[in-house]
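Scroll down for the structure; my scribbles are underneath it.
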Amino acid sequence: MKLRLAIGFALIFFFALLLVQSQSHRITADEGRVLALETAWNHAEQNKDVAALDQLLAPQLGYVDYDGSIATKQEYLANVKKEGLEPEQIVNEEQNVHIFGNCAVATGIYREKGMNKGKAYNRRGRFTDTWVKVNDTWQCVASQSTLILRAPGAAK
C-alpha cells in the first residue's frame, strides 16, 4: 500500500513538473509568427519563389552566406533564381526566437541538400536572422549562416 502511495505521489509530482515546464516554454504570437516566416523562407528558397522572398526580406537586407560572401537583397534574390542551383530540401531545427520590442532574433540549425551545377551538395549550418516589425509586418533585415564542419574522422 505504501509503495502504491509513493508511486502515486511520484507520478503526480512528475506531471505537475511537466505542466509547469510546458507553461514556461509557451511561445508568444510574435515568436510563432517569426518561426512561421523562417519556414516560409525555406519553402520559398527551395521553390525559387523570389516573389515570396521579396515580401519576407527588407529592402536593406544584409546577407552573409555560409562561405563568408556578403549580398544585398537583390544579389541574394539573383542567386536564388540562378540556373544550375536546385535545392531539394531546406529545413530548420533547434530554432529559438527572442523578441525585443519590434525586433526579433531567430537562431537555429539549417539543413540543405540539392544539386549545384550537376553536383550533389549537403550542408548543415547555424543561422542567425534579425527581423524587424514595421506596420504589423515582420521582415528580415539581416541574415548570417555558418557551416557546421564535421570533425576529422567523424562518420558521414
Worksheet item: Does segment 67-74 include one or more residues that are among the charged types (D, E, K, R) and at negative phi?
Response: yes
Worksheet entry | Verdict on T137 being among the hydroxyl-bearing types (S, T, Y) and surrounded by 14 or more Cβ atoms within 10 Å (Cβ to Cβ) | no
Worksheet item: Only one of these conditions is not met by L57: (1) out of contact with any Cys (no Cβ under 6 Å at 6 or more places or on another chain); (2) at pLDDT 95 or above. Which number is it?
Response: (1)
Worksheet item: If R150 passes every condition in (1) closer than 18 Å to Q46 by Cα; (2) loosely packed, with under 11 Cβ neighbours inside 10 Å; (3) not acidic (D, E) but one, which one does it miss?
Response: (1)
Practice prompt. Pick out, from segment 49-126, the strands (runs of 3 or more DSSP E) lying fully within it that include 3 or more residues that are farther than 15 Å from A36 by Cα, within 19 Å of the chain's Cα centre (by Cα) and in contact (Cβ under 8 Å) with a residue 40 or more places away in the chain.
Written response: 57-64, 85-100
Discussion item. If I filter segment 76-84 for residues that are modelled with pLDDT of 95 or more and loosely packed, with under 14 Cβ neighbours inside 10 Å, do I get at least one hit?
Written reply: yes
Worksheet item: Of the residues that sit in segment 26-49 and are of a type in the set (A, V, I, L, M, F, W, C) and loosely packed, with under 15 Cβ neighbours inside 10 Å, which one is nearest to N102 (Cα to Cα)?
Response: A29
Item to complete: Please give the number of the condition I27 fails out of (1) of a type in the set (A, V, I, L, M, F, W, C); (2) modelled with pLDDT under 95; (3) assigned to a helix (DSSP H, G or I).
Response: (3)
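The values are calculated or read from the model by the stated rules, or taken from the named source; none is laboratory data. As the structure is a prediction and not an experimental result, all values here were calculated from the model. Note: ideal-geometry Cβ built from the backbone for every residue, glycine included; neighbour counts use all protein chains shown.
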